[in-house]
Structures are given as structure tokens and as C-alpha cells.
1. Would you confirm whether any residue within the stretch 125-148 is within 11 Å of the ligand (Cβ to nearest atom), modelled with pLDDT of 95 or more and not small (G, A, S)?
2. Restricted to the stretch 158-202, and to residues that are assigned to a loop (DSSP other than H, G, I, E, B) and closer than 14 Å to R8 by Cα, which residue is farthest from the ligand (Cβ to nearest atom)?
3. If you take the residues in the stretch 152-168 that are without any contact (Cβ under 8 Å) to a residue 24 or more places away in the chain and surrounded by 13 or more Cβ atoms within 10 Å (Cβ to Cβ), which one is nearest to V212 (Cα to Cα)?
4. Show the residue pairs that are 6+ apart or on different chains and have beta-carbon atoms under 8 Å apart, the first residue being within the stretch 169-181 and farther than 16 Å from S113 by Cα, the second being within 13 Å of the ligand (Cβ to nearest atom) and not in a helix (DSSP H, G or I).
5. Looking at A69, A85, A78, which one is touching a Phe, Trp or Tyr at 6+ places or on another chain (Cβ under 6 Å) and either farther than 25 Å from P216 by Cα or within 12 Å of the ligand (Cβ to nearest atom) (or both)?
6. Is the stretch 150-157 home to any residue that is under 29 Å from E3 (Cα atoms) and either among the aliphatic types (A, V, I, L, M) or not in a helix (DSSP H, G or I) (or both)?
7. Only residues that are more than 13 Å from the ligand (Cβ to nearest atom) and closer than 19 Å to L32 by Cβ: list them for the stretch 95-117, please.
8. Considering only residues that are surrounded by 15 or more Cβ atoms within 10 Å (Cβ to Cβ), of a type in the set (V, I, T) and either without any contact (Cβ under 8 Å) to a residue 12 or more places away in the chain or assigned to a helix (DSSP H, G or I) (or both), which ones fall in the stretch 107-149?
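The values are calculated or read from the model by the stated rules, or taken from the named source; none is laboratory data. Since the structure is predicted, the reported quantities are computational estimates derived from the model, not experimental observations. Heads up, the Cβs are rebuilt from the backbone with ideal geometry, glycines too, and the neighbour counts pull from every protein chain shown.
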Amino acid sequence: MFERIAPRYDLLNRVLALRTDVCWRRRLVAVLDLPAEARVLDLCAGTLDVAAEIRRQRPAACVVGADFARGMLQRGRAKTGLPVAQADALALPFAADAFDAVTVAFGLRNLESPARGLAEIARVLRPGGRVGVLELFRPAGAFARVVHALYNRGFVPLVGRTVSRDPAAYRYLVDSIDAFSSVAEFTALLAQSGFVSVERRSVWPGISSVVVARLP
Ligand SMILES: C[S@@+](CC[C@H](N)C(=O)[O-])C[C@H]1O[C@@H](n2cnc3c(N)ncnc32)[C@H](O)[C@@H]1O
């Protein structure tokens, strides 16, 4: 599915999020507060928007983007020139302790097992290393649930049909949010996965949040 939507992914992202996704990624990287020469893995990197933002905020950082969809990575590489690795987030081809930080934007929700994804992230992070997750979590409050339902059942399918001509992919987007954790459930999962200092920042109240944590 991600191979299919790759050619129009950036355009769809901007339209669906009314360009606010650019600010969300900026916030994710800012909140991580990376050292100048950090080694960073951007996981489920897609077309490398987060990886590019890391390089913008930390020009001396060593950033690699990993994703299993070759079409996404090719577009990202052409756009940014950054190094990429085609890899499954559940079986990463990197040594233990290889990175100071891992970022995942709108990716964990897609994994067959987010818990296994977090275990793999913990394996490739050095002790004290940080993870930053930007995600559309399942809304918990009643008001957010109503706004979310209107947006997801009205606007997303309309844009999916007209811009991507791939309505199935955009039905998946909506269904995957409904099936994913709330931000509270996700912070609990991070703690169960061995991360500490778990902090969450709402970037679109009730819907999109940045969650950061570190290994002991
Ligand atoms: C919604 S896109 C997000 C892309 C990018 N992080 C962004 O901010 O736009 C989700 C990405 O996760 C990738 N993905 C999903 N499951 C994966 C897995 N098991 N291993 C690696 N990448 C995966 C998809 O190929 C897709 O590029």
C-alpha cells in the first residue's frame, strides 16, 4: 500500500493535515533536544521529512532513514540526499547501541506489533538514548472523538478519492487510527518496554501528540 501511495504521499500529507504536519515534525525534533553530532535513526521514514528536519536543526548530525517501502525511500533520497536503508522496523539491520536517538513519525501505528517495534528500537539505542514518536493516537475525550469522526469519515475519504485516487489506502489510514492506542495507553507501553522519563506533548489537542522517552 505504501508503495502505491508513494508518488502522491507528500502532497496528500500536506492537504490532509492542512500543512500543520510540517510544524508537528519540527516540534518532534525540537522536543528531542539532540546533541549536535547525534547519530539518529529515522524509522518508518517514508519520504524523509523528519530526517531532513533533523539535519535542518542539527546540521552536524548523522541521520539515516529506514523504511520497508523502496518507493518512499527513493523519493526521500531524491528530495534530501540523505542516506537510507530499506528495512523492516521489526528486524532492523543495525547493531545494538548504534544510535543516540530514534524518531518515528506516523509509523508505529502501522507495525504488526508496536511492542516489538519498541523492543527493536531499544536494542539499537545506546543506554540513555532517546526515542521520539509523533503519532495520530486514538482520541480519548468525547469532544476529540466527535471532531475526529467528522474529519476521518468526511474530509479524509474525500481527499483520498480526489487527490490519491486510492480510497482503500485512505480508509486504511482512518481504520488504523481507530485501531491504535490512545496516547495514555502508548505511554504505558513505552514504560513496559523499558523506557523512562516518558513525556508527552499534544501537538493537535486530542489527536496528534509527540511522546519522548529515554533508555535508563
Ligand atoms: C504514514 S508513513 C510516515 C512517513 C514519515 N515518517 C512521515 O513523517 O511522513 C508510514 C511509513 O511507515 C512505513 N512502514 C510501515 N510498516 C513498516 C515496517 N514494518 N518497517 C518499516 N517501515 C514500515 C511505510 O512504508 C511508510 O513509509
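1. Yes.
2. Applying the filter and picking the extreme gives R165.
3. Taking the candidates together, the pick is P157.
4. Between residues of the stretch 169-181 that are farther than 16 Å from S113 by Cα and residues that are within 13 Å of the ligand (Cβ to nearest atom) and not in a helix (DSSP H, G or I), the close pairs are A169/M1; Y172/M1.
5. Answer to the check: A69.
6. Of all residues in the stretch 150-157, those under 29 Å from E3 (Cα atoms) come to 150-157.
Next, only the ones that are either among the aliphatic types (A, V, I, L, M) or not in a helix (DSSP H, G or I) (or both) stay: 150, 156.
Among the residues of the stretch 150-157, at least one is under 29 Å from E3 (Cα atoms) and either among the aliphatic types (A, V, I, L, M) or not in a helix (DSSP H, G or I) (or both), which makes the answer yes.
7. If the condition is that a residue be more than 13 Å from the ligand (Cβ to nearest atom) and closer than 19 Å to L32 by Cβ, then D97, A98, F99, D100, A101 are the ones that fit.
8. I121, V124, V147 - these are the residues of the stretch 107-149 that are surrounded by 15 or more Cβ atoms within 10 Å (Cβ to Cβ), of a type in the set (V, I, T) and either without any contact (Cβ under 8 Å) to a residue 12 or more places away in the chain or assigned to a helix (DSSP H, G or I) (or both).
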